[in-house]
Amino acid sequence: MAPQWLTVVAWAALATGLVCALAVIIDIRGLGYRQRMPIMGWVWPVNAVYLGPLALWAYYRFGRPRSGRWRAEHGDPPDTPDWATTGIGVMHCGAGCTLGDIIAESAIFMLGVAIAGRAIWAEYVGDYALALLLGIAFQYFAIAPMRGLSLGKGLWQAAKADVLSLTAFEVGLFGWMALMAFVFFPAPGLHPDSAAYWFLMQVGMMLGFVTAYPVNAWLIRKGIKEAM
C-alpha cells in the first residue's frame, strides 16, 4: 500500500497532467490551432499527461506557433532553438512510448499476466513491443508525408528513426520501474489500480525523456530523424 501522502501527491499530479492535456486538446481542436503536421496534434497532449505544465509551456512556446491559424495571425514563427527541436523530437518518441506503456500496463494487470512469477517482466515485454509499434506509427506519419515516401519505405525510415530513440526512452523508464518493483515497493508492490503507481510512472516517463534526449540530438544531427 502507498502511504497517504504519496496518494495525495499522486492524485494532484495525475489531475494536473490531465488538465494540461485537455488544455492542449481544446486549443488545437476547439480553438483551431491545428498543427501543420497532423500527428503533432496527438503528440502534444499525450506528452502533457506526464510532463504536465512543462509540456503545456512548450506547446504554447513552440507548438502553437506552428499552426496555420497562428501564422495567419502573426506571420512566420520565430526559429526554434536546437535544444527545443531536440526536445520536441523526444516528445514525438515519448508519445508512442507513453500510449504503449499505458495500454500494455493496464492490459497485463487486468489479464494477470506474469513471467517467472513477476508482472514486471511481462510489463517490460508488453511495454516495449506496443511502444515500438505505436512509435513507428507516429514516426511514419511524420516522415512519410515530409519526404513523400511510399508505405514500405516510410515504415523502414520510421523504424530507423524510432527504434534507437524509443529504446533510450525505455531505458530510463524501465530502470525506474525496477526501482519501483524491487526497492521502493517490493512484493506485493504497487499495481496499476492505484494512483500512486501511475504517478510514479509519470516520473519514470520523465526519466525516459532525459535518457532519450542525447540520442535524439544525435539522430536529428545525422538526418536520420526529422526535426519536428
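The values are calculated or read from the model by the stated rules, or taken from the named source; none is laboratory data. Predicted model only: the values in this text are computed from it and were never measured. Methodologically, a virtual Cβ is constructed for each residue, glycine included, from the backbone with ideal geometry; neighbour enumeration extends over all protein chains shown.
Quick notes
- Qualifying residue in the stretch 185-193 (condition: modelled with pLDDT of 80 or more, part of a helix (DSSP H, G or I), over 18 Å from the mean Cα position of the chain (by Cα) and surrounded by fewer than 17 Cβ atoms within 10 Å (Cβ to Cβ)): no
- All positions within the stretch 149-182 that are closer than 28 Å to TRP198 by Cβ, surrounded by 15 or more Cβ atoms within 10 Å (Cβ to Cβ) and among the small types (Gly, Ala, Ser): SER165, ALA168, GLY172, ALA181
- Residue, modelled with the highest pLDDT, within the stretch 112-146, restricted to residues that are farther than 18 Å from PHE185 by Cα and of a type in the set (Phe, Trp, Tyr): TYR128
- Tallying residues that are more than 23 Å from GLY41 (Cβ to Cβ) and of a type in the set (Lys, Arg) within the stretch 127-163 yields 2.
- In the stretch 44-63, the residues that are surrounded by fewer than 20 Cβ atoms within 10 Å (Cβ to Cβ) and within 13 Å of ILE26 (Cα to Cα): TYR60
- Lone qualifier among TRP57, TRP44 - being aromatic (Phe, Trp, Tyr) and either within 20 Å of ALA142 (Cα to Cα) or touching a Leu at 6+ places or on another chain (Cβ under 8 Å) (or both): TRP44
- Single residue of the stretch 30-40 satisfying the filter (of a type outside the set (A, V, I, L, M) and buried (at least 19 other Cβ atoms within 10 Å of the Cβ)) that is farthest from GLN139 (Cα to Cα): TYR33
- Selection within the stretch 76-103 - surrounded by 22 or more Cβ atoms within 10 Å (Cβ to Cβ) and among the small types (Gly, Ala, Ser): GLY87, GLY89, GLY94, ALA95, GLY96, GLY100
- Residue satisfying condition, being closer than 13 Å to ILE120 by Cβ, within 16 Å of the chain's Cα centre (by Cα) and not aromatic (Phe, Trp, Tyr), within set LEU179, LEU173: LEU173
- If only residues of the stretch 194-228 that are over 22 Å from ALA119 (Cβ atoms) and of a type in the set (Gly, Ala, Ser) are counted, the one that is surrounded by the most Cβ atoms within 10 Å (Cβ to Cβ) is ALA212.
- In the stretch 111-148, the residues that are of a type in the set (D, E, K, R) and either in contact with a Lys or Arg (Cβ under 7 Å, 6 or more places away or on another chain) or surrounded by fewer than 19 Cβ atoms within 10 Å (Cβ to Cβ) (or both): ARG118, ARG147
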